[in-house]
Amino acid sequence: MWPNFKKVEKLQVNRVTRRHLDWKRLVRSIGTMRHFHKGRCMFMFMLCVPTGLFIAYIGPLSLRFLEGLIPMDVCPLPQGTKLQGIDSSVALWSRTDVQTCTSWGAPILWEGMFNPTIYDQEHRERGTSVALTVFAVGRYLDAYLWEFLTSAELHFMVGLPVTYYVFTDAPERVPTIMLKPGRTLKVIKVERHARWQDISMMRMRTIADTIESHIRHENQYVFCFDVDQVFVGRFGSEALGDLVVLLHAFYYHRPKIMYTYDRNPRSAAYMTEGDFYYHAAVFGGSWQSVRNMTEACYHSIMKDKMNQVEARWHDESHLNKYLWIHKPSKVLSPEYCWASFIGFRSDIHVVRLLWAEKHYSKLRD
Ligand SMILES: *[C@@H]1O[C@H](CO)[C@@H](O)[C@H](O)[C@H]1NC(C)=O
């Protein structure tokens, strides 16, 4: 009844050798796998490095390109609605690839929506004159002012009287520009703040003061510009309106959740939702509206200073907050301040103003 011990032993040996054999086979196959693996790694490495470099190089570009495919909202006005007053000639449905009006019915101006001749004629008849303010403090003056002003002579409100207000800490270094008839340039000395953020924020106060002291007596409209830009196409009377602001070229296709509003509840610029992300590099309107806006922004900035907070994007954050409460009457498309490094966008048919190349490390110290 007992099993044959010899048989059992043999069986066990057999099992052990078989296991041993299996193990050997396994080792061998792992060996070949390792060999294969090594080759694959080399291959992957040779493939991945250039691909990685390629993605690192074009990644931001292609991301911007893909972002450009996200459709904008649609103008909610019923088809055929005409705008009031001087904007009645605007063809809101001549562009279907972009948003041509805001939810409150203000036009968003794109190439192809307006007839420049109609605007120019109307404003000449009204005797419109425009003030342009620009700050050229520290090294910004030598780096940008000459090109900014020379290009403005070629493209900004051509045919209308224009008064340039150049604010600078070094009036003696303001270049002499040949101005067309009807156009004048005034230089106003301002103090130089140590930090560029302060220069940028304090300009709100300076603009409000200058509107009160000078501009309101001479010009119906005022436009405020950053100096590190160049006019490259018509920036004409179609842009005039009561309160005019610009869609930021980075954000006009982005989901709202990505807008970089100020999210700090301690700041006066704090906001949780908004309509658009506006760019502080260009804003304008009637002197009354621009005075009100710059004054309000200045007060918000001072409130923040008292509370020792600074809004995320400085004066731009305060501007966005103001415009959430006071809706602009006209919005300019990113044609009116384009950045060429964004790359190709099929909805940008003309470029009117271009960000100049920035040399922050040289300029902001
Ligand atoms: C500017 O502010 C004043 C005072 O708050 C107000 O009466 C006026 O209507 C405002 N004007 C514009 C154009 O916003």
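The values are calculated or read from the model by the stated rules, or taken from the named source; none is laboratory data. Not measured: the values here are computed from a predicted model. Every residue, glycine among them, receives a Cβ derived from its backbone with ideal geometry; neighbour counts consider all protein chains shown.
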Worksheet item: Restricted to region 263-299, and to residues that are closer than 22 Å to residue 212 by Cβ and small (Gly, Ala, Ser), which residue is farthest from the ligand (Cβ to nearest atom)?
Response: 280
Worksheet item: among the small types (Gly, Ala, Ser) and within 16 Å of the ligand (Cβ to nearest atom) - does that describe any residue in region 353-364?
Response: no
Fill in: Filter result (of a type outside the set (Lys, Arg), farther than 22 Å from residue 140 by Cα and more than 16 Å from the ligand (Cβ to nearest atom)) within region 199-243
213, 214, 217, 218, 233, 235, 236, 237, 238, 239
Discussion item. Quick check on region 137-168: of everything there that is in a loop (DSSP other than H, G, I, E, B) and modelled with pLDDT of 95 or more, which residue is surrounded by the fewest Cβ atoms within 10 Å (Cβ to Cβ)?
Written reply: 159
Worksheet item: Any chance region 49-61 includes a residue that's under 23 Å from the mean Cα position of the chain (by Cα), in a helix (DSSP H, G or I) and touching a residue at least 24 places away in the same chain (Cβ under 8 Å)?
Response: yes
Fill in: Given (1) part of a strand (DSSP E or B); (2) among the aliphatic types (A, V, I, L, M); (3) surrounded by fewer than 16 Cβ atoms within 10 Å (Cβ to Cβ), number of the condition residue 132 does not satisfy
(3)
Item to complete: Take residue 234 and decide whether it is in contact (Cβ under 8 Å) with a residue 60 or more places away in the chain and under 21 Å from the mean Cα position of the chain (by Cα).
Response: yes
Practice prompt. Go through (1) closer than 29 Å to residue 101 by Cβ; (2) of a type in the set (D, E, K, R); (3) modelled with pLDDT of 90 or more and name the single condition residue 273 misses.
Written response: (3)
Item to complete: Specify the residue that is modelled with the highest pLDDT; the eligible residues are those in region 336-365 that are among the small types (Gly, Ala, Ser) and under 22 Å from residue 138 (Cβ atoms).
Response: 356
Worksheet, complete the sentence: Those strands (runs of 3 or more DSSP E) completely within region 261-365 that have 3 or more residues that are out of contact with any Leu (no Cβ under 6 Å at 6 or more places or on another chain) and surrounded by fewer than 14 Cβ atoms within 10 Å (Cβ to Cβ) are none
